[in-house]
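A quick write-up on the structure given underneath.
The values are calculated or read from the model by the stated rules, or taken from the named source; none is laboratory data. For clarity, every value in this text was computed on a predicted model and none was experimentally measured. Cβ placement follows ideal geometry from the backbone for every residue including glycine, while neighbour counts extend to all protein chains displayed.
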Amino acid sequence: DSGVTQTPKHLITATGQRVTLRCSPRSGDLSVYWYQQSLDQGLQFLIQYYNGEERAKGNILERFSAQQFPDLHSELNLSSLELGDSALYFCASSLGTGGYEQYFGPGTRLTVT
Amino acid sequence: QQQVKQSPQSLIVQKGGISIINCAYENTAFDYFPWYQQFPGKGPALLIAIRPDVSEKKEGRFTISFNKSAKQFSLHIMDSQPGDSATYFCAVRSTGFQKLVFGTGTRLLVSP
């Protein structure tokens, strides 16, 4: 158990809908990273927050957004969902901002029908 | 563009054998090279990592060998066990962008 929690574990929704994925980092970690894992694209970095501030952006679509709250939990919002958004979404956390020693949560499996 | 190439895509090893997974990277501006282990239905778990100032790091049955001049690093699993059957990902950290870029993964099966 990495200490990173994610909810929900599974999510099934229809195209065009909006969903919110939640992540709580390990105790003491200030950085949260979001990743998308799909069969054809592998594990892709989406976005990083450090202590409430956006620090790095990867291949995140404009339909997706994230934020980190004062209690350091983070939410990833996915809107106008398409079939191709079906994937596993992981968050990871680390103590610092540099991207080292990232610990992953169990993931949220999103299915868009 | 793919910055890290991982091979093989899949690997079958007998119990007790040595599993070797390789990664090659294309950019010299990387400073951290971790390996992650992922079981079905679980998140990737940090297994072992190395910085470029050392050529080898060992933790239990897991060893990273790092060749800076060849821009390659590999994971060796000694005395492989059926419980090691999982997908393994290498990654590199970009010094400029401070993010991890992952390889495509290697599915390891250790036969009893």
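Key figures for this structure:
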item	result
Selection within the stretch B:85-96 - in contact with a Phe, Trp or Tyr (Cβ under 9 Å, 6 or more places away or on another chain) and outside any strand (DSSP E or B)	B:Ser85, B:Thr95
Residues being farther than 19 Å from A:Ser31 by Cα and charged (D, E, K, R) - total across the stretch A:59-83	3
Test: residue in the stretch A:79-91 that is surrounded by 15 or more Cβ atoms within 10 Å (Cβ to Cβ) and either among the aromatic types (Phe, Trp, Tyr) or at pLDDT below 95 (or both)	yes
Qualifying strands (runs of 3 or more DSSP E) (wholly inside the stretch A:4-67; at least 2 residues being within 14 Å of chain B (Cβ to nearest Cβ) and not charged (D, E, K, R))	A:5-7, A:19-24, A:31-38, A:42-50
Residues that are over 13 Å from A:Ala66 (Cβ atoms) and surrounded by 13 or more Cβ atoms within 10 Å (Cβ to Cβ), drawn from the stretch A:26-36	A:Arg26, A:Asp29, A:Leu30
Selected residue (criterion: surrounded by the fewest Cβ atoms within 10 Å (Cβ to Cβ)) from residues of the stretch B:26-85 that are among the hydroxyl-bearing types (Ser, Thr, Tyr) and within 14 Å of chain A (Cβ to nearest Cβ)	B:Tyr32
